[in-house]
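K.L.:
Got a structure for you, questions after.
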Amino acid sequence: MWIVRNTRQPSAEIPADEHVCQPIETVVEVDHEVPVLPTDRYEAARLAYIDSLGEGKQRLGRRPLMNRWGLEQREAEDIIAEVDKERAQPADAGEVETPGSETAVPWLSGVEPTGTSQAEAA
């Protein structure tokens, strides 16, 4: 090891040609989440409940909403029912439509067919 280390010669550096840096504009798309500020305690309770439905979090119930935001039992139940209804609504719309259905293609005329064939319409 000692012999190899002493017999090494520094490598001759090859002079680089003249290099000029050119500024290049790079477009970078950034996803930026803006926190939503609630306007009142009902909206704050609603946002807290929606946040608690996220993955890895414990779902807030009626009592925690009542205690933290000063809501009545009926108000807390209404908020929970409203959010659950909103979350179930898009899921129901996706289940009704099948992948092979003709409604998956947008119509150029802007008017969707009513389900009657052209022979019946004529």
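K.L.:
Please verify whether region 52-62 includes one or more residues that are in contact (Cβ under 8 Å) with a residue 12 or more places away in the chain and in a helix (DSSP H, G or I).
P.N.:
Yes - at least one qualifying residue is present in region 52-62.
K.L.:
Keeping to region 34-73, report how many residues are exposed (fewer than 10 other Cβ atoms within 10 Å of the Cβ) and charged (D, E, K, R).
P.N.:
Of the residues in region 34-73, 4 are exposed (fewer than 10 other Cβ atoms within 10 Å of the Cβ) and charged (D, E, K, R).
Here, each number is a calculation from the coordinates, and none is a lab measurement. Keep in mind the model is a prediction, meaning the values are calculated, not measured. In this analysis, Cβ positions are derived from the backbone assuming ideal geometry, glycine residues included, and neighbour counts consider all displayed protein chains.
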